[in-house]
Amino acid sequence: MTCYSQDYREARNRLLAAADAAGGWTHEALDHPQAGADGAPLYMDVLWRGPQDAGRVLTISSGVHGVEGFCGSALQLQFVQDAPDLPPDTALMLVHAVNPYGFSHLRRVNEDNVDLNRNFIDFAAGAPANEAYAAIDALLNPEELPDGALAAIAAELDRMRAQSDYLTMMKAVSGGQYAFPRGVQYGGAGPSWSRRAVEELWARRLAGRRVVVQIDLHSGLGESGVGMLMMAAGDDEPHKALTAQWFGPMFVTPRPRSAADTILGGYMNGAMETQLAGVRVVPMTLEYGTEPGEAVLGAMIEDNWLVHHGDLAGERGRAIKARLLAAFYPADPAWREAVLARGRQVFAQALSGLAAPDLEERLTR
Ligand SMILES: [Zn+2]
């Protein structure tokens, strides 16, 4: 039977039922303050298997970007069904639907239009400015979106890219912004519900462990059907060399030297590293490509327009949601098969890496 579900509710129910059937899992549900698209309660669910006091933990999270949870949830369900053997002193922690509102309501952002992977910044220090975004906010978030408007936006971005450099445009379009609450790539005005919930969870369940290997599941970026492991690491950091042995080639971005040097900030994985001081954290993202970048950005722009200016229940609203799903959760059976096969490979490689007796030494500078 397929691991893929039709909506948040089915995905959640199936994962919890599979954990029950497999045995050995403990479950806690964190209550979200808002209701789902079906009117029923929303939860971030936490499943734990293995010793409660394990020194090493593999954590796998899904749905930071709401609608991307369809892909991540299927990977978690397959993993529970596979019931892999655990190395000694090792536990699993699955976090299902970090952004349950976006998963249920088919949005990449949360209940406050916030991209959670831009929300984990130090708000007390003041949100970073993104002047280049400010200059294109009106382009990306038009009040009217007639036929052909998305193609015109894409053409204008292409024209700007031709006159700019890659990183400047990347920061402008995708770097996150904190000044336009109804715009795309909004990072929020303070810590979101999801951020507060996961940070409390980390403090309670992960602080004091020796090693945490984290895999955050995403879809929408890269070559279609390919699951690319990504992380931030400096050349001299031991987890860079170690994960290259575990997984082979990864997409490793260097650490920014300063706030001004930061292209993409506010990531959950970065916050996990900071918060779990003293724990050797290996923070990775497994990102599956779906459609070309232009189509994915177009789907996000169109969905944002729909929520702020359109009619969710109308025919056009349903068509826009269908295009959003296609951009983050392709229906193609070959795509879905490739996603599961790659996930099974990566999780097995992570568990095999966690079995190394000298892991702590190898992760210490
Ligand atoms: Zn994502």
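Using helices alone, I'd like the mean residue ellipticity at 222 nm for the chain: each DSSP H run of four-plus residues gives -39500 (n - 2.57), total over residue count, nearest 500.
Numbers: 13 runs with 156 residues, N = 365.
For the chain, the value works out to -13500 deg cm²/dmol.
Take each peptide in 30-36, 109-115, count the other Cβ atoms within 10 Å of every residue, and average; sorted highest first, the result is 109-115, 30-36. With the highest mean first, a sort of the peptides 239-246, 296-303 on other beta-carbon atoms found within 10 angstrom per residue produces 296-303, 239-246.
Computed packing ranks the peptides 216-228, 16-28 as 216-228, 16-28, most packed first, by mean other Cβ atoms within 10 Å. State the Cα centre-to-centre distance between segment 1-48 and segment 238-258 in whole Å. Between the Cα centre of segment 1-48 and that of segment 238-258, the gap is 32 Å.
In nm², what is the average projected area of the convex hull enclosing the Cα atoms of the chain?
Working: hull surface 70.0 nm².
Projected area, direction-averaged: 17.5 nm².
Less than 14 Å Cβ to Cβ from V173, Lys/Arg counted +1 and Asp/Glu -1: what total charge do the surrounding residues give? In short, -3.
For the chain, the share of accessible area belonging to carbon and sulfur comes to 55 percent (1.4 Å probe, ligands and nucleic acids excluded). Cβ-Cβ distance of L325 and A124, R₀ of 30 Å, FRET efficiency by 1/(1 + (r/R0)^6): the value works out to about 0.20.
DSSP beta bridges in the chain, what fraction antiparallel, as a percent rounded to 5? Looking only at bridges with both residues in the chain, the antiparallel portion is about 40 percent.
Can you give me the accessible area per residue for segment 95-216, using a 1.4 Å probe, in Å²?
Numbers: 5140 Å² over 122 residues.
So segment 95-216 comes to 42 Å² accessible per residue, rounded to a whole number.
Antiparallel beta bridges, as assigned by DSSP with both residues in segment 17-95, represent about 65 percent of the total such bridges.
Segment 153-190 and segment 57-121 have Cα centres separated by 26 Å. Label points 7 Å out from Cα along the Cβ direction at A152 and R362: separation in nm? Distance between label points: 5.6 nm. When all alpha-carbon pairs of segment 171-251 are counted, what percent fall beyond 17 Å? Counting every Cα pair in segment 171-251, those more than 17 Å apart make up 68 percent.
In a shell of Cβ-Cβ distance under 12 Å around A155, excluding A155 itself, what net charge do Lys and Arg (+1) and Asp and Glu (-1) give?
Values: positive: R159, R161; negative: E156, D158, E294.
Combined, the nearby Lys, Arg, Asp and Glu give -1.
Give me the Kirkwood hydrodynamic radius of segment 311-365, using the inverse of the mean 1/r over all pairs of distinct Cα atoms, in Å to one decimal. Over segment 311-365, the inverse of the mean reciprocal pair distance is 14.8 Å.
The values are calculated or read from the model by the stated rules, or taken from the named source; none is laboratory data. Just so we're clear, the structure is a prediction, and the values are computed from it rather than from any experiment. Every residue, glycine among them, receives a Cβ derived from its backbone with ideal geometry; neighbour counts consider all protein chains shown. These area figures cover heavy atoms from the full protein model, side chains too; ligands, DNA and RNA do not enter into them. Shrake-Rupley method; radii C 1.70, N 1.55, O 1.52, S 1.80 Å.
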